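Read through the structure below, which is laid out as structure tokens, and then see the notes.
The values are calculated or read from the model by the stated rules, or taken from the named source; none is laboratory data. Remember, it's a predicted structure, so these values are computed and weren't measured experimentally. When we count neighbours, we look across all protein chains shown, and the Cβ atoms used for this are built from the backbone with ideal geometry, even at glycine.
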Amino acid sequence: MEPNDTISGSPDDEPASAPGRPRPRGRTTLLIAAAALLGISGGTAVGYGVQAERPPTPLPALSQTELAYPAKALPADKAPAPLPASQDRQVRTDGDLRELLIERPAGWIEDEEADWLDDGWMSVGSLARDFDFEADMFEYLLESDVRRIAGASWKKGDDREAKIRLVQFSSGVKNAAAEFADAQRSYMSGTETGAGNEGDPVKGSGEGRYYVYDVDRQPGFLPYYRARAVMHRGDIMIEINLFDTRPVSKADIRTLAERQLERL
């Protein structure tokens, strides 16, 4: 049957059901509602009258377990000794964060052209600008309560460069440093977004990994080699990048990553 065809029925056929409509609120409805209200009110009054004739029931006595306190303080020779500053991570990381950067290896020099650093510090805006979605990353870092960022930039020979960043977050319910590091590692196995491999674990870092990228060759340019390490310790996310026009080995990035982790 075509869309414009119609079906004719006999006069005895029942019409289709009409849409429902609200029931009219006439006088009968109001009378029923009033009777129900009187019934509720009367029942409530009788209930209060019955309770008023009964004698009061005493409440049970309040009880609470006595708080326990030590009879006396532990003697000084048995009290736990505080951690020395060298072992107390909070004391170390609350100081000058730049001092936790590894020392520049022999043969490297400071990169005087590293405009992303200001006396060893990096701004949140500078870090966000390193990502494709700058505005989103800037908002993410602020919402994650980023505290401060310390960095170092070195050069070796004509083409090798190293960049290290320590991104510290305020302590809270969630570990923002671990979350940030996980997010960075999540795309590293992709060939278009990362190194194109699963990387290798950084010894002693838990989930930390280092990656060596495939060489990038473009007509008219020198080959481009890169390696990256991403890890965290406590409230600090650690990122290390190596760049060169000559191959970067796994040992090169692994050594820097392990040395930086030991500093924290």
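Data for the structure
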quantity	calculated
Qualifying residue in segment 175-186 (condition: in a loop (DSSP other than H, G, I, E, B), farther than 20 Å from residue 143 by Cβ and within 22 Å of the chain's Cα centre (by Cα))	no
Identity of the residue in segment 112-136, of a type in the set (A, V, I, L, M) and outside any loop (DSSP other than H, G, I, E, B), that ends up nearest to residue 163 (Cα to Cα)	127
Some residue of segment 211-225 being farther than 25 Å from residue 263 by Cα, buried (at least 20 other Cβ atoms within 10 Å of the Cβ) and of a type in the set (Phe, Trp, Tyr)	yes
One residue from 149, 109, 164 being touching an Asp or Glu at 6+ places or on another chain (Cβ under 9 Å) and among the β-branched types (Val, Ile, Thr)	164
Residues within segment 172-183 that are surrounded by 15 or more Cβ atoms within 10 Å (Cβ to Cβ) and modelled with pLDDT under 95, tallied	1
Residue in segment 223-239 that is nearest to residue 149 (Cα to Cα), counting only those that are free of Cβ contacts under 8 Å to residues at least 40 places away in the same chain and not charged (D, E, K, R)	229
